[in-house]
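The values are calculated or read from the model by the stated rules, or taken from the named source; none is laboratory data. Model, not experiment: these values are computed from the prediction. Don't worry about glycine lacking a Cβ; one is built from the backbone with ideal geometry, like all the others, and counts go over all protein chains shown. Side chains are part of the model used for accessible areas, which takes the heavy atoms of the whole protein and leaves out ligands, DNA and RNA. Shrake-Rupley method; radii C 1.70, N 1.55, O 1.52, S 1.80 Å.
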Amino acid sequence: MAASESKERLDPLAKTALWTASMRAREHEREDRLFCDPLASLLAGTEGPAIMQRFEGAVQPGVEDPALAVRTRYLDDQLVAQDGAGMRQFVSLAAGMDTRAFRLPWSPGVTVFELDRPALLTLKDELLERAGVHSRCEWIPLGVDLMADWTTPLLEAGFDRARSTTWLIEGLLYFLDPLECDLLLRQLSEMSASGSRLLADYVGRTVLESAAMASWRMRMEEQGHPWKSGSDDPQSLFAGFGWTVRVAAYGDPDVDYGRWGDAVIAPGVPGTRGRYLVSGELV
Ligand SMILES: C[S@@+](CC[C@H](N)C(=O)[O-])C[C@H]1O[C@@H](n2cnc3c(N)ncnc32)[C@H](O)[C@@H]1O
């Protein structure tokens, strides 16, 4: 499949990966950038910035949402720390146009599996190959449907379920309904050896259902990728699958990076922002 053909085949939800890539590209251009992502602009193409502008123009006029930059940096730091602590197997679910396999300082022996829609990963692979860049770890992109059987292809690609794993679920859970979330968390938990870790972002349910989020949700739905779920009690949600998690709200001292102007809003407390970052360990 040619890159242009792959792009044609991107469904609306897959296109959100171009949007987040364009936000990383914009962050990369800032003098006070929180991370470097020199490939983000290439992967966002022309469509990513167009989607970003549509949202910022219609829903958040004039506002440069700091959440993406803060979440990227927070998760980068967590991943690097886990690598430093000896983790060697990483799986990114719904990896999109994430370039961490190409930009983080991975230790020798690290494998990063990236799962996403086949058309999206074909496009990503082609763009990166054409740019002549090389991953800094063993990078294994796997085109799958995360709502179907993705564990068999992962195992066939060399995933070792006897080894502990770090799972990264970034920019995905709110696009799933509660049953789909449960299914995904159950599947990855069953694939996790002891000592496994989990990193995710999510949104509070009360916040999601609040009037402040109504125009955002309507716009997301109109674009074909509605936000369908949130949780006010992530500790219990993840504990149900064996994980002990720490939940950090954007704006907490370690999730701020000097960018979070709003008050800290904890999960469950209504407000314009109620998104948070989860880091967990399998107990
Ligand atoms: C907002 S993007 C997030 C991408 C990336 N993690 C990031 O933060 O930039 C959502 C991603 O979820 C992927 N996705 C959603 N549902 C999926 C499914 N059922 N199977 C595979 N990928 C899926 C989309 O293709 C898209 O790349």
For segment 21-43, name all the residues that are out of contact with any Gly (no Cβ under 6 Å at 6 or more places or on another chain), under 17 Å from P66 (Cα atoms) and either among the β-branched types (V, I, T) or within 14 Å of the ligand (Cβ to nearest atom) (or both).
M23, R24, A25, R26, E27, H28, F35, D37, A40
Just one of the numbered conditions (1) open to solvent by less than 20 Å² (accessible area, probe 1.4 Å); (2) within 15 Å of the ligand (Cβ to nearest atom) is not true of R103; which one?
(1)
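Within the group Q78, Q53, which residue is polar (S, T, N, Q) and either in contact (Cβ under 8 Å) with a residue 60 or more places away in the chain or within 12 Å of the ligand (Cβ to nearest atom) (or both)?
From the options Q78, Q53, the qualifying one is Q78.
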Can you tell me which residues in segment 129-153 are within 18 Å of the chain's Cα centre (by Cα) and either open to solvent by less than 60 Å² (accessible area, probe 1.4 Å) or under 18 Å from R100 (Cα atoms) (or both)?
W139, I140, P141, L142, G143, V144, L146, W150
Hey, S194 hits all of (1) away from the ligand (no atom under 15 Å from the Cβ); (2) touching a helix residue (DSSP H, G or I) at 6+ places or on another chain (Cβ under 9 Å) but one; which does it fall short on?
(2)
State whether one or more residues within segment 174-182 are within 14 Å of the ligand (Cβ to nearest atom), closer than 23 Å to A248 by Cβ and of a type in the set (A, V, I, L, M).
yes
Between residues in segment 31-50 that are within 16 Å of L10 (Cβ to Cβ) and residues that are in a loop (DSSP other than H, G, I, E, B), which pairs lie under 6 Å by C-beta distance while being six or more apart or on different chains?
L43/M97
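When segment 84-100 is examined, which residues are found to be part of a loop (DSSP other than H, G, I, E, B) and more than 16 Å from the ligand (Cβ to nearest atom)?
As a first pass, look at segment 84-100 and keep what is part of a loop (DSSP other than H, G, I, E, B): 85-88, 94-99.
Within segment 84-100, A85, G86, M87, R88 meet the criteria.
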Take segment 220-247 and flag every residue that is aliphatic (A, V, I, L, M) and either surrounded by fewer than 16 Cβ atoms within 10 Å (Cβ to Cβ) or closer than 27 Å to L18 by Cβ (or both).
M220, A239
Out of the residues in segment 131-147 that are of a type in the set (G, A, S) and in a loop (DSSP other than H, G, I, E, B), which is nearest to the ligand (Cβ to nearest atom)?
S135
Inside segment 23-38, can you point out the residues that are open to solvent by less than 30 Å² (accessible area, probe 1.4 Å) and either under 16 Å from L128 (Cα atoms) or of a type in the set (K, R) (or both)?
R24, A25, D37
